[in-house]
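See below for the structure under consideration.
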Amino acid sequence: MINTWSELTDIQPLVSRMLQNSISKNRLAHAYLFEGEKATGKKDSASLLARSLFCEHRDESMQPCNECTNCRRIVSGNHPDVHIIEPDGLSIKKEQIQYLQDEFTKKAVESNRKFYVITHAEKMTVQAANSLLKFLEEPLADTVAILITEQPQRILPTILSRCQVITFQPLPTHLVLKKLIDEGADPQSAQIASLLTNSFEEAKQICLDDWFAQAQRKVVKLYEALNQDYLKALIDLQEEWFGFFKDKDQVDRGLDLLLLIYKDLLYIQLDNKDAVVFKSKQSELERYALQSQQRKVAEHMEAILEAKRRLMSNTNPQLVMEQLVLNLQEGSSFV
Ligand SMILES: [Zn+2]
């Protein structure tokens, strides 16, 4: 839930500035399409905008009070002039759009202003979309429509051409991390997941995935074997790695994790210990960091990136991993 424009500015600076400007200059469009990935603040922005428009005590910076009857009714979904349409089952049906139109042609219940939000707008049936189109073509005075979607390419061009499109960007890494921690994710997994993707939903899936928790342990184990000897690492590959990291994508994710371990070594060597992600292994990593030269760590990171490239160009994953183990081993006992 976003309560202030400055909270929105933290995650979507451009969207926040644009909407605030439009309200203060009284130049809101009749229809907007909010598009962008899941969990980027689209629905919260629509709610904030509605509160700014209807609030009884809005201040000069367009900030709603969040306490008056109007603000509270918008948040609880009970404001007579603010409607939200969500898919009924798999689609948004013509009847739902018609109901909205009927409600709106009645005299505005409390003001002349009307506000409606259509979530998952790509799920409108063709009939529903055509019905909405008429509505968009002849907007009632002071009506604001917000269509929300993660798949703008599935919105009919005729609808699209009547909306001002506003793009919501994926969240920055530190905000993905903060949200994951707020939702109770394990801190180490959260930190790693936020480095692997900018999509909050994908990061959340990664954190909940038991495979991912096990993968972290396997990768740490391989790293430890690499520090003991080449043969032990090769045996671990055969006995554990290949049975667990089965396809190309899984091996690739394993390599991402291995890369993060080497980054941790660098962070320790550069005395930036706060940035370490494998916190549960920090003391061992500090010991290894003391034993390795910075140049060597950088070379090893380059070897992992090269393995990722070879994997993507369809070299056999087993071959890629065996070669990598050789490269990561080379010279490491002589540093
Ligand atoms: Zn208010």
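No lab work stands behind these numbers, since they all come straight from the coordinates. Here the structure is a predicted model, which is why all the values come from computation and not from measurement. Ideal geometry is used to build each Cβ from the backbone, glycine not excepted, and the neighbour counts take in all protein chains shown.
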Exercise. Straight-line reach from LYS279: which aspartates and glutamates have Cα under 16 Å away, leaving out those fewer than 8 places along the same chain?
Worked result: ASP186, GLU224, ASP264, ASP271
Exercise. Full extension from LEU156 to SER111: what is 0.36 nm times the residue separation minus their Cα-Cα distance, to one decimal in nm?
Worked result: 13.1 nm
Seminar exercise, completed: Expressed as a whole-number percentage, the relative contact order of the range 151-222 with C-alpha contacts under 8 angstrom and at least six residues apart is 25
Problem set entry | FRET efficiency estimate (nearest 0.05) - Cβ-Cβ, ASP210 to GLN282, R0 25 angstrom | 0.60
Exercise. How far apart, in nm, are the 7 Å Cα→Cβ label points at LEU270 and LEU133?
Worked result: 5.4
For this session: Under 16 Å Cα to Cα from LYS232, which lysines show up? Leave out anything in the same chain fewer than 8 places away.
Result: LYS218, LYS221
Exercise. Which percentage, to the nearest 5, of the DSSP beta bridges contained in the chain is antiparallel?
Worked result: 5
For this session: Report Rg/Rh for the range 156-200, rounded to two decimals, where Rg is the Cα radius of gyration and Rh the Kirkwood radius.
Result: 1.29
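What GluC sites (Glu not before Pro) does the range 1-64 have in DSSP loop regions with at most 13 other beta carbons within 10 Å?
Here the sparse-neighbourhood loop sites are GLU56, GLU60.
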Exercise. What does the helix-only formula give at 222 nm for the chain: each DSSP H stretch with n ≥ 4 adding -39500 (n - 2.57), the total divided by the residues, and the result rounded to the nearest 500 deg cm²/dmol?
Worked result: -17000 deg cm²/dmol
Exercise. If you average over every viewing direction, what projected area does the convex hull of the Cα atoms of the chain give, in nm²?
Worked result: 20.8
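Figure the gain on full extension for ASN26 and GLU224 (residue separation times 0.36 nm, minus the Cα-Cα span) and round it to one decimal in nm. It would help to have the intermediate numbers written out before the result.
Working: separation 198, 0.36 × 198 = 71.28 nm, distance 6.26 nm.
Result: 65.0 nm gained on full extension.
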Exercise. Using alpha-carbon pairs under 8 Å, 6+ residues apart, how would you state the relative contact order of the chain in percent?
Worked result: 15
Problem set entry | Size descriptor, Kirkwood hydrodynamic radius, that averages inverse alpha-carbon separations across the range 72-212, Å | 17.5
For this session: Return the lysines within reach of LYS114: Cα separation strictly under 27 angstrom, same-chain partners fewer than 8 residues apart disregarded; answer none if there are no such residues.
Result: LYS25, LYS38, LYS42, LYS43, LYS93, LYS94, LYS106, LYS123, LYS134
Problem set entry | Full-extension gain in nm, GLU7 to HIS174, via 0.36 nm per residue minus C-alpha separation | 58.7 nm
